[in-house]
Amino acid sequence: MTFRSDLDIVATALDRQVAQARARAVPVLAQRPLATLIDELRLDHFARQGGLEGEALQDFMGRYLKTIINLHQPGYLGHQVAAPHPGAALGALIDALTNNPMAIYEMGPGAAAIEYFVINWMLEKVGWTPAPLDLERLGAAGFGGGVLTHGGSLANLTAMIAARSSVRPDAWREGHRDDLALLAPGNNHYSIERAVGILGLGTRNIYPVPTDARGVMDPDALPSTLAQVRADGRTPLALVANACSTAVGVHDRLRPLGEFCRAEGIWFHVDGAHGASALLSTEYRHLLDGVELADSLTWDAHKMLRTSAVCAALLVRDHRTLDSAFSQEASYLFHDKEQPGFDFLPRAVECTKSGLGLKFYLVLAALGEQGLADYVERQYRLTADAYVWLRGIEGLDVPVAPESNILCFRLPGSDARQLELRRQLLVEGDFYLTSTQFQGRRYLRLVFMNPETTMEDVERLIARLRRFERETGGVE
(Lines give C-alpha, C1' and ligand atoms only; values in the text may rest on other atoms or scores of the structure.)
Protein backbone atom coordinates (compact mmCIF):
# COMPACT_ATOMS: atom_id res chain seq x y z
CA MET A 1 0.00 0.00 0.00
CA THR A 2 1.04 3.61 -0.53
CA PHE A 3 0.60 6.77 1.48
CA ARG A 4 -1.86 8.03 -1.13
CA SER A 5 -4.04 4.90 -1.01
CA ASP A 6 -4.15 4.91 2.79
CA LEU A 7 -4.83 8.65 2.75
CA ASP A 8 -7.79 8.03 0.45
CA ILE A 9 -9.14 5.44 2.88
CA VAL A 10 -8.85 7.83 5.82
CA ALA A 11 -10.20 10.83 3.90
CA THR A 12 -13.21 8.88 2.63
CA ALA A 13 -14.04 7.65 6.12
CA LEU A 14 -13.70 11.10 7.65
CA ASP A 15 -15.71 12.78 4.92
CA ARG A 16 -18.53 10.29 5.41
CA GLN A 17 -18.42 10.65 9.20
CA VAL A 18 -18.59 14.45 9.13
CA ALA A 19 -21.46 14.36 6.63
CA GLN A 20 -23.38 11.91 8.81
CA ALA A 21 -22.73 14.03 11.88
CA ARG A 22 -23.91 17.21 10.20
CA ALA A 23 -27.06 15.37 9.10
CA ARG A 24 -27.66 14.21 12.71
CA ALA A 25 -27.46 10.61 11.45
CA VAL A 26 -24.99 9.56 14.17
CA PRO A 27 -25.10 10.24 17.92
CA VAL A 28 -22.97 12.95 19.43
CA LEU A 29 -21.44 10.41 21.78
CA ALA A 30 -21.74 6.69 22.37
CA GLN A 31 -19.48 5.82 25.31
CA ARG A 32 -18.48 2.22 25.89
CA PRO A 33 -16.09 0.63 28.40
CA LEU A 34 -12.35 1.13 27.96
CA ALA A 35 -11.54 -2.59 27.84
CA THR A 36 -14.22 -3.16 25.20
CA LEU A 37 -12.75 -0.48 22.93
CA ILE A 38 -9.19 -1.80 23.30
CA ASP A 39 -10.47 -5.23 22.28
CA GLU A 40 -12.69 -4.11 19.40
CA LEU A 41 -10.02 -1.86 17.91
CA ARG A 42 -7.62 -4.85 18.01
CA LEU A 43 -4.94 -2.64 19.52
CA ASP A 44 -2.83 -5.47 20.89
CA HIS A 45 -2.95 -7.38 17.60
CA PHE A 46 -1.67 -4.50 15.46
CA ALA A 47 0.88 -3.40 18.05
CA ARG A 48 2.47 -6.85 17.96
CA GLN A 49 2.06 -7.79 14.30
CA GLY A 50 1.73 -4.54 12.35
CA GLY A 51 -0.18 -4.50 9.09
CA LEU A 52 -2.56 -1.62 9.78
CA GLU A 53 -2.95 -0.55 6.15
CA GLY A 54 -5.25 -1.16 3.23
CA GLU A 55 -8.36 -3.16 4.08
CA ALA A 56 -7.24 -3.47 7.72
CA LEU A 57 -6.99 0.32 7.95
CA GLN A 58 -10.43 0.71 6.37
CA ASP A 59 -11.91 -1.65 8.94
CA PHE A 60 -10.05 0.13 11.76
CA MET A 61 -11.39 3.51 10.66
CA GLY A 62 -14.92 2.17 10.66
CA ARG A 63 -14.51 0.87 14.18
CA TYR A 64 -12.63 3.91 15.49
CA LEU A 65 -15.11 6.48 14.19
CA LYS A 66 -17.85 4.76 16.16
CA THR A 67 -15.95 5.68 19.35
CA ILE A 68 -15.54 9.43 18.80
CA ILE A 69 -17.47 12.39 20.10
CA ASN A 70 -18.94 13.99 16.98
CA LEU A 71 -18.28 17.71 17.31
CA HIS A 72 -19.84 18.28 13.89
CA GLN A 73 -23.19 16.94 15.14
CA PRO A 74 -25.41 19.97 15.88
CA GLY A 75 -26.45 18.37 19.18
CA TYR A 76 -22.93 18.98 20.47
CA LEU A 77 -23.35 21.74 23.06
CA GLY A 78 -20.53 20.72 25.37
CA HIS A 79 -17.01 21.90 26.06
CA GLN A 80 -15.30 24.91 24.49
CA VAL A 81 -13.83 22.94 21.60
CA ALA A 82 -14.31 23.93 17.97
CA ALA A 83 -16.15 21.98 15.33
CA PRO A 84 -13.14 22.61 13.13
CA HIS A 85 -13.15 23.94 9.62
CA PRO A 86 -11.61 21.44 7.14
CA GLY A 87 -8.72 23.85 6.60
CA ALA A 88 -7.52 23.12 10.13
CA ALA A 89 -7.38 19.40 9.35
CA LEU A 90 -5.37 20.06 6.21
CA GLY A 91 -2.95 22.19 8.19
CA ALA A 92 -2.56 19.47 10.82
CA LEU A 93 -1.90 16.87 8.11
CA ILE A 94 0.71 19.01 6.37
CA ASP A 95 2.42 19.78 9.68
CA ALA A 96 2.36 16.16 10.83
CA LEU A 97 3.90 14.75 7.67
CA THR A 98 6.50 17.46 7.11
CA ASN A 99 7.23 17.46 10.87
CA ASN A 100 8.97 20.83 11.03
CA PRO A 101 9.67 21.74 14.69
CA MET A 102 9.74 25.43 13.85
CA ALA A 103 10.72 27.01 17.16
CA ILE A 104 14.15 27.28 15.52
CA TYR A 105 13.73 29.08 12.19
CA GLU A 106 16.02 26.78 10.21
CA MET A 107 13.87 23.80 11.30
CA GLY A 108 10.75 25.22 9.64
CA PRO A 109 11.10 28.55 7.88
CA GLY A 110 7.62 28.50 6.34
CA ALA A 111 5.92 27.47 9.57
CA ALA A 112 7.86 30.12 11.51
CA ALA A 113 6.92 32.79 8.97
CA ILE A 114 3.25 31.82 9.28
CA GLU A 115 3.42 31.99 13.08
CA TYR A 116 5.09 35.40 12.89
CA PHE A 117 2.29 36.59 10.60
CA VAL A 118 -0.47 35.09 12.79
CA ILE A 119 0.95 36.70 15.93
CA ASN A 120 1.09 40.07 14.18
CA TRP A 121 -2.47 39.63 12.90
CA MET A 122 -3.65 39.00 16.46
CA LEU A 123 -1.65 41.92 17.87
CA GLU A 124 -3.33 44.19 15.34
CA LYS A 125 -6.78 42.98 16.43
CA VAL A 126 -5.96 43.71 20.07
CA GLY A 127 -4.79 47.22 19.22
CA TRP A 128 -1.09 46.60 19.84
CA THR A 129 1.72 47.40 17.41
CA PRO A 130 2.76 44.38 15.32
CA ALA A 131 6.40 43.33 15.19
CA PRO A 132 8.46 44.64 12.26
CA LEU A 133 9.45 42.49 9.28
CA ASP A 134 12.83 44.25 9.33
CA LEU A 135 14.58 41.81 11.66
CA GLU A 136 17.31 44.32 12.49
CA ARG A 137 14.70 46.31 14.44
CA LEU A 138 13.68 43.41 16.69
CA GLY A 139 15.73 44.67 19.61
CA ALA A 140 13.95 48.02 19.69
CA ALA A 141 10.99 49.07 21.78
CA GLY A 142 7.51 50.08 20.71
CA PHE A 143 5.91 46.90 19.42
CA GLY A 144 4.26 43.76 20.70
CA GLY A 145 5.12 40.09 20.48
CA GLY A 146 3.83 36.65 21.16
CA VAL A 147 4.10 32.93 20.66
CA LEU A 148 1.71 30.12 19.78
CA THR A 149 1.51 27.39 22.40
CA HIS A 150 0.02 23.95 22.77
CA GLY A 151 -3.01 25.17 24.69
CA GLY A 152 -4.32 28.08 26.74
CA SER A 153 -3.01 26.61 29.99
CA LEU A 154 0.52 26.81 28.64
CA ALA A 155 -0.15 30.34 27.40
CA ASN A 156 -1.33 31.40 30.87
CA LEU A 157 1.74 29.80 32.43
CA THR A 158 3.98 31.66 29.99
CA ALA A 159 2.22 34.91 30.90
CA MET A 160 2.88 34.32 34.60
CA ILE A 161 6.54 33.59 33.84
CA ALA A 162 6.79 36.86 31.92
CA ALA A 163 5.08 38.71 34.77
CA ARG A 164 7.50 37.19 37.29
CA SER A 165 10.49 38.20 35.16
CA SER A 166 9.10 41.73 35.03
CA VAL A 167 8.61 41.94 38.80
CA ARG A 168 11.67 39.89 39.77
CA PRO A 169 14.24 40.10 36.93
CA ASP A 170 16.70 37.95 38.89
CA ALA A 171 14.20 35.19 39.73
CA TRP A 172 15.42 32.85 36.97
CA ARG A 173 18.89 32.66 38.51
CA GLU A 174 18.30 33.41 42.18
CA GLY A 175 14.85 31.95 42.67
CA HIS A 176 11.99 34.04 43.98
CA ARG A 177 11.55 35.40 47.43
CA ASP A 178 8.48 34.10 49.19
CA ASP A 179 6.58 37.35 48.81
CA LEU A 180 4.74 37.31 45.49
CA ALA A 181 0.95 37.30 45.35
CA LEU A 182 -1.57 37.09 42.53
CA LEU A 183 -4.84 39.00 42.37
CA ALA A 184 -7.65 37.19 40.54
CA PRO A 185 -11.40 36.59 40.69
CA GLY A 186 -12.44 33.35 42.34
CA ASN A 187 -13.88 32.07 39.06
CA ASN A 188 -10.67 32.20 37.06
CA HIS A 189 -9.73 29.18 34.95
CA TYR A 190 -8.00 26.43 36.90
CA SER A 191 -4.89 26.85 34.73
CA ILE A 192 -4.15 30.05 36.66
CA GLU A 193 -3.85 28.09 39.90
CA ARG A 194 -1.78 25.50 38.07
CA ALA A 195 0.61 28.19 36.86
CA VAL A 196 0.98 29.58 40.37
CA GLY A 197 1.63 26.07 41.69
CA ILE A 198 4.15 25.25 38.96
CA LEU A 199 6.04 28.48 39.66
CA GLY A 200 6.20 27.55 43.32
CA LEU A 201 4.33 30.65 44.47
CA GLY A 202 1.71 28.69 46.37
CA THR A 203 -2.00 28.86 45.67
CA ARG A 204 -2.58 30.31 49.15
CA ASN A 205 -0.99 33.46 47.74
CA ILE A 206 -3.84 34.03 45.29
CA TYR A 207 -5.89 36.90 46.66
CA PRO A 208 -9.49 36.68 45.39
CA VAL A 209 -11.01 39.91 44.15
CA PRO A 210 -14.73 40.14 45.01
CA THR A 211 -17.21 39.69 42.17
CA ASP A 212 -20.84 40.65 41.65
CA ALA A 213 -23.78 38.24 41.43
CA ARG A 214 -22.87 37.33 37.85
CA GLY A 215 -19.25 36.59 38.67
CA VAL A 216 -17.85 39.82 37.21
CA MET A 217 -14.88 41.28 39.08
CA ASP A 218 -15.67 44.46 41.01
CA PRO A 219 -13.09 47.16 40.11
CA ASP A 220 -14.04 49.13 43.22
CA ALA A 221 -12.80 46.23 45.35
CA LEU A 222 -9.27 46.38 43.94
CA PRO A 223 -7.86 49.05 46.30
CA SER A 224 -8.83 47.12 49.42
CA THR A 225 -7.58 43.81 47.95
CA LEU A 226 -4.25 45.38 47.02
CA ALA A 227 -4.02 47.00 50.46
CA GLN A 228 -4.41 43.56 52.02
CA VAL A 229 -1.70 42.14 49.77
CA ARG A 230 0.72 44.85 50.85
CA ALA A 231 -0.32 44.68 54.50
CA ASP A 232 0.65 41.00 54.38
CA GLY A 233 4.11 42.04 53.20
CA ARG A 234 3.62 40.74 49.67
CA THR A 235 4.29 42.15 46.21
CA PRO A 236 1.63 41.76 43.50
CA LEU A 237 2.77 39.52 40.67
CA ALA A 238 -0.21 40.33 38.44
CA LEU A 239 -3.93 40.89 38.23
CA VAL A 240 -5.76 38.29 36.11
CA ALA A 241 -9.09 39.10 34.44
CA ASN A 242 -11.57 36.86 32.61
CA ALA A 243 -12.65 37.47 29.04
CA CYS A 244 -14.81 35.51 29.41
CA SER A 245 -15.40 33.31 32.47
CA THR A 246 -15.52 29.57 31.84
CA ALA A 247 -18.64 28.83 33.86
CA VAL A 248 -21.15 31.37 32.55
CA GLY A 249 -19.28 33.33 29.90
CA VAL A 250 -19.31 36.82 31.39
CA HIS A 251 -16.56 39.40 30.85
CA ASP A 252 -14.68 41.35 33.46
CA ARG A 253 -14.69 45.09 32.71
CA LEU A 254 -11.18 45.48 31.40
CA ARG A 255 -10.81 49.25 31.11
CA PRO A 256 -11.13 50.14 34.83
CA LEU A 257 -9.03 47.10 35.72
CA GLY A 258 -6.33 48.12 33.27
CA GLU A 259 -6.34 51.72 34.44
CA PHE A 260 -5.95 50.58 38.04
CA CYS A 261 -3.01 48.34 37.11
CA ARG A 262 -1.33 51.14 35.15
CA ALA A 263 -1.67 53.50 38.11
CA GLU A 264 -0.29 50.93 40.57
CA GLY A 265 2.41 49.45 38.32
CA ILE A 266 0.86 45.96 38.33
CA TRP A 267 1.13 43.47 35.46
CA PHE A 268 -2.34 43.02 33.92
CA HIS A 269 -3.08 39.66 32.28
CA VAL A 270 -6.32 38.97 30.43
CA ASP A 271 -7.31 35.33 30.05
CA GLY A 272 -9.21 35.71 26.78
CA ALA A 273 -8.76 32.09 25.73
CA HIS A 274 -12.44 31.85 24.79
CA GLY A 275 -13.76 35.38 24.51
CA ALA A 276 -10.92 37.23 22.76
CA SER A 277 -12.34 36.16 19.40
CA ALA A 278 -15.04 38.80 19.92
CA LEU A 279 -12.30 41.26 18.91
CA LEU A 280 -13.12 40.35 15.30
CA SER A 281 -16.71 41.52 15.63
CA THR A 282 -17.82 45.12 15.39
CA GLU A 283 -20.97 44.07 17.26
CA TYR A 284 -19.27 42.41 20.24
CA ARG A 285 -15.79 43.95 20.40
CA HIS A 286 -17.02 46.29 23.14
CA LEU A 287 -16.96 43.32 25.52
CA LEU A 288 -13.16 43.63 25.50
CA ASP A 289 -13.04 47.40 25.78
CA GLY A 290 -9.74 48.27 27.44
CA VAL A 291 -7.91 45.08 26.46
CA GLU A 292 -5.18 47.24 24.92
CA LEU A 293 -4.25 48.30 28.47
CA ALA A 294 -3.23 44.74 29.34
CA ASP A 295 0.36 43.57 29.47
CA SER A 296 -0.52 40.09 28.20
CA LEU A 297 -3.43 38.24 26.64
CA THR A 298 -4.22 34.56 26.10
CA TRP A 299 -6.28 33.81 22.98
CA ASP A 300 -7.17 30.28 21.82
CA ALA A 301 -7.76 29.64 18.12
CA HIS A 302 -9.09 26.16 18.92
CA LYS A 303 -12.10 27.61 20.68
CA MET A 304 -13.87 30.34 18.68
CA LEU A 305 -11.67 30.48 15.57
CA ARG A 306 -12.78 27.14 14.05
CA THR A 307 -9.33 25.57 14.51
CA SER A 308 -8.63 22.03 15.69
CA ALA A 309 -6.97 21.52 19.06
CA VAL A 310 -4.61 22.77 20.07
CA CYS A 311 -3.57 26.24 18.96
CA ALA A 312 -3.32 29.05 21.51
CA ALA A 313 -1.54 32.38 21.56
CA LEU A 314 0.18 34.29 24.33
CA LEU A 315 0.41 37.92 23.25
CA VAL A 316 2.26 40.75 25.00
CA ARG A 317 2.03 44.50 24.50
CA ASP A 318 5.82 44.90 24.79
CA HIS A 319 7.79 42.10 23.12
CA ARG A 320 10.73 42.66 25.46
CA THR A 321 8.76 41.34 28.44
CA LEU A 322 8.39 37.98 26.71
CA ASP A 323 11.84 37.92 25.15
CA SER A 324 13.37 38.29 28.64
CA ALA A 325 11.05 35.80 30.37
CA PHE A 326 13.29 32.77 29.87
CA SER A 327 17.00 32.18 30.04
CA GLN A 328 18.55 29.31 28.09
CA GLU A 329 21.89 27.77 27.40
CA ALA A 330 22.09 25.05 24.75
CA SER A 331 25.12 25.13 22.48
CA TYR A 332 23.46 23.05 19.77
CA LEU A 333 20.66 25.62 19.48
CA PHE A 334 22.03 29.00 20.52
CA HIS A 335 25.14 30.16 18.70
CA ASP A 336 26.25 32.60 16.05
CA LYS A 337 24.65 31.73 12.71
CA GLU A 338 23.14 33.26 9.63
CA GLN A 339 19.64 34.24 10.68
CA PRO A 340 17.25 35.19 7.88
CA GLY A 341 14.24 34.57 10.14
CA PHE A 342 13.02 34.54 13.73
CA ASP A 343 13.51 31.88 16.42
CA PHE A 344 10.44 31.46 18.64
CA LEU A 345 12.24 29.10 21.02
CA PRO A 346 13.40 31.83 23.47
CA ARG A 347 9.71 32.70 24.03
CA ALA A 348 8.40 29.17 24.50
CA VAL A 349 8.26 26.56 27.24
CA GLU A 350 8.46 23.92 24.51
CA CYS A 351 11.61 23.11 22.58
CA THR A 352 10.05 20.89 19.93
CA LYS A 353 7.03 22.92 18.83
CA SER A 354 4.56 22.08 16.08
CA GLY A 355 3.72 24.47 13.28
CA LEU A 356 0.53 25.49 15.06
CA GLY A 357 0.02 28.60 12.98
CA LEU A 358 -0.54 26.59 9.80
CA LYS A 359 -3.75 25.03 11.16
CA PHE A 360 -5.25 28.38 12.02
CA TYR A 361 -3.94 30.19 8.97
CA LEU A 362 -5.63 27.76 6.56
CA VAL A 363 -8.92 28.44 8.32
CA LEU A 364 -8.37 32.20 8.25
CA ALA A 365 -7.34 32.09 4.60
CA ALA A 366 -10.41 30.02 3.68
CA LEU A 367 -13.01 32.06 5.58
CA GLY A 368 -11.33 35.45 5.80
CA GLU A 369 -11.60 37.79 8.77
CA GLN A 370 -15.25 38.56 8.05
CA GLY A 371 -16.12 34.89 7.80
CA LEU A 372 -14.73 34.29 11.29
CA ALA A 373 -16.47 37.40 12.60
CA ASP A 374 -19.74 36.16 11.10
CA TYR A 375 -19.31 32.85 12.90
CA VAL A 376 -18.67 34.51 16.27
CA GLU A 377 -21.66 36.80 15.84
CA ARG A 378 -23.95 33.94 14.81
CA GLN A 379 -23.04 31.88 17.87
CA TYR A 380 -23.44 34.83 20.25
CA ARG A 381 -26.83 35.80 18.77
CA LEU A 382 -28.07 32.22 18.94
CA THR A 383 -27.10 32.08 22.61
CA ALA A 384 -28.97 35.33 23.30
CA ASP A 385 -32.06 33.95 21.54
CA ALA A 386 -31.84 30.73 23.55
CA TYR A 387 -31.62 32.76 26.77
CA VAL A 388 -34.80 34.68 25.96
CA TRP A 389 -36.63 31.47 25.07
CA LEU A 390 -35.47 29.57 28.17
CA ARG A 391 -36.44 32.47 30.42
CA GLY A 392 -40.01 32.05 29.19
CA ILE A 393 -40.26 28.44 30.37
CA GLU A 394 -41.83 28.04 33.79
CA GLY A 395 -39.65 26.27 36.32
CA LEU A 396 -36.30 26.87 34.58
CA ASP A 397 -33.66 28.87 36.42
CA VAL A 398 -31.50 30.83 33.95
CA PRO A 399 -29.20 32.83 36.24
CA VAL A 400 -27.12 35.02 33.92
CA ALA A 401 -27.83 36.85 30.68
CA PRO A 402 -25.12 35.61 28.30
CA GLU A 403 -22.31 37.81 27.05
CA SER A 404 -20.85 35.13 24.80
CA ASN A 405 -21.91 31.72 23.50
CA ILE A 406 -22.11 30.14 26.98
CA LEU A 407 -25.49 29.73 28.68
CA CYS A 408 -26.39 28.02 31.97
CA PHE A 409 -29.77 26.84 33.17
CA ARG A 410 -31.18 24.62 35.87
CA LEU A 411 -34.28 22.44 36.03
CA PRO A 412 -36.30 21.94 39.23
CA GLY A 413 -34.63 19.64 41.72
CA SER A 414 -31.35 19.07 43.48
CA ASP A 415 -27.80 19.30 42.17
CA ALA A 416 -27.81 15.52 41.86
CA ARG A 417 -30.95 15.82 39.77
CA GLN A 418 -29.17 18.06 37.23
CA LEU A 419 -26.37 15.52 36.88
CA GLU A 420 -28.83 12.65 36.51
CA LEU A 421 -30.67 14.46 33.72
CA ARG A 422 -27.36 15.10 31.99
CA ARG A 423 -26.43 11.43 32.37
CA GLN A 424 -29.66 10.37 30.70
CA LEU A 425 -28.97 12.73 27.80
CA LEU A 426 -25.52 11.25 27.32
CA VAL A 427 -26.85 7.70 27.40
CA GLU A 428 -29.38 8.53 24.70
CA GLY A 429 -26.62 10.13 22.65
CA ASP A 430 -28.39 12.81 20.58
CA PHE A 431 -27.12 15.70 22.70
CA TYR A 432 -23.99 16.49 24.65
CA LEU A 433 -23.81 19.24 27.26
CA THR A 434 -21.76 19.87 30.37
CA SER A 435 -22.47 21.20 33.84
CA THR A 436 -20.86 23.73 36.15
CA GLN A 437 -21.02 25.15 39.64
CA PHE A 438 -22.22 28.75 39.85
CA GLN A 439 -22.92 30.63 43.09
CA GLY A 440 -22.84 27.32 44.97
CA ARG A 441 -25.37 25.47 42.79
CA ARG A 442 -25.07 22.97 39.94
CA TYR A 443 -26.26 24.17 36.52
CA LEU A 444 -26.45 22.54 33.13
CA ARG A 445 -24.27 24.40 30.66
CA LEU A 446 -24.67 24.96 26.94
CA VAL A 447 -21.75 26.14 24.80
CA PHE A 448 -22.81 26.92 21.24
CA MET A 449 -19.72 25.87 19.25
CA ASN A 450 -21.23 24.11 16.24
CA PRO A 451 -22.03 26.53 13.38
CA GLU A 452 -25.06 24.43 12.39
CA THR A 453 -26.80 24.26 15.76
CA THR A 454 -30.16 26.04 15.66
CA MET A 455 -32.93 27.08 18.04
CA GLU A 456 -34.80 23.96 16.93
CA ASP A 457 -31.99 21.91 18.50
CA VAL A 458 -32.38 23.85 21.75
CA GLU A 459 -36.11 23.24 21.74
CA ARG A 460 -35.62 19.51 21.11
CA LEU A 461 -33.07 19.39 23.93
CA ILE A 462 -35.45 20.95 26.46
CA ALA A 463 -38.29 18.69 25.31
CA ARG A 464 -36.02 15.70 25.88
CA LEU A 465 -35.10 16.88 29.39
CA ARG A 466 -38.76 17.47 30.22
CA ARG A 467 -39.56 13.96 29.05
CA PHE A 468 -36.87 12.55 31.33
CA GLU A 469 -38.39 14.55 34.18
CA ARG A 470 -41.80 13.00 33.61
CA GLU A 471 -40.47 9.48 33.19
CA THR A 472 -38.40 9.64 36.38
CA GLY A 473 -40.93 11.26 38.68
CA GLY A 474 -40.29 14.99 38.48
CA VAL A 475 -38.48 17.00 41.16
CA GLU A 476 -35.99 15.20 43.36
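The values are calculated or read from the model by the stated rules, or taken from the named source; none is laboratory data. Computed from a predicted structure; not experimentally measured. Glycine also receives a Cβ, built like all others from the backbone with ideal geometry; neighbour counts cover every protein chain displayed. In case anyone asks, the SASA skips ligands and DNA or RNA and just uses the protein heavy atoms, side chains included. Shrake-Rupley method; radii C 1.70, N 1.55, O 1.52, S 1.80 Å.
Taken over segment 87-103, residues that are small (G, A, S), closer than 18 Å to T352 by Cα and either in contact with a Phe, Trp or Tyr (Cβ under 9 Å, 6 or more places away or on another chain) or buried (at least 21 other Cβ atoms within 10 Å of the Cβ) (or both) amount to 3.
The C-beta contact set for segment 34-58 (first residue farther than 22 Å from L7 by Cα, second residue assigned to a loop (DSSP other than H, G, I, E, B), distance under 6 angstrom, 6+ apart or interchain) comprises L37/T67. When the helices (runs of 4 or more DSSP H) confined to segment 1-80 are screened for residues that are of a type outside the set (S, T, N, Q) and under 30 Å from T383 (Cβ atoms), those reaching at least 3 such residues are found at 3-22. Restricting to segment 124-156, and then to whatever is without any contact (Cβ under 8 Å) to a residue 60 or more places away in the chain and not in a helix (DSSP H, G or I), can you tell me which residue is most open to solvent (accessible area, probe 1.4 Å)? Per the stated criteria, the residue is L133. For segment 241-278, taking the residues that are touching a residue at least 60 places away in the same chain (Cβ under 8 Å) and assigned to a strand (DSSP E or B), the one that is farthest from R378 (Cα to Cα) is identified as H269. With the requirement that a residue be outside any helix (DSSP H, G or I) and either aromatic (F, W, Y) or within 20 Å of the chain's Cα centre (by Cα) (or both), what does segment 157-189 give you? Hits for segment 157-189 are A184, P185, G186, N187, N188, H189. If you go through segment 190-205 and keep only what is open to solvent by less than 50 Å² (accessible area, probe 1.4 Å) and either under 22 Å from the mean Cα position of the chain (by Cα) or under 18 Å from G258 (Cα atoms) (or both), you end up with S191, I192, A195, V196, G197, L199.
If I ask for residues that are touching an Asp or Glu at 6+ places or on another chain (Cβ under 6 Å) and open to solvent by 20 Å² or more (accessible area, probe 1.4 Å), which ones from segment 414-429 would you list? Across segment 414-429, the qualifying residue is only S414. With respect to (1) open to solvent by less than 10 Å² (accessible area, probe 1.4 Å); (2) in contact with a Lys or Arg (Cβ under 8 Å, 6 or more places away or on another chain); (3) of a type outside the set (G, A, S); (4) farther than 30 Å from V126 by Cβ, the lone exception for L390 is condition (2). The set of residues in segment 430-466 that are surrounded by 20 or more Cβ atoms within 10 Å (Cβ to Cβ) and within 16 Å of Y380 (Cα to Cα) comprises R445, L446, V447, F448, M449, N450, T453, D457, V458.
When restricted to residues that are surrounded by 15 or more Cβ atoms within 10 Å (Cβ to Cβ) and either among the small types (G, A, S) or within 32 Å of the chain's Cα centre (by Cα) (or both), segment 38-56 contains 2.
For D15, the conditions (1) open to solvent by 50 Å² or more (accessible area, probe 1.4 Å); (2) more than 29 Å from the chain's Cα centre (by Cα) all hold with the exception of (2).
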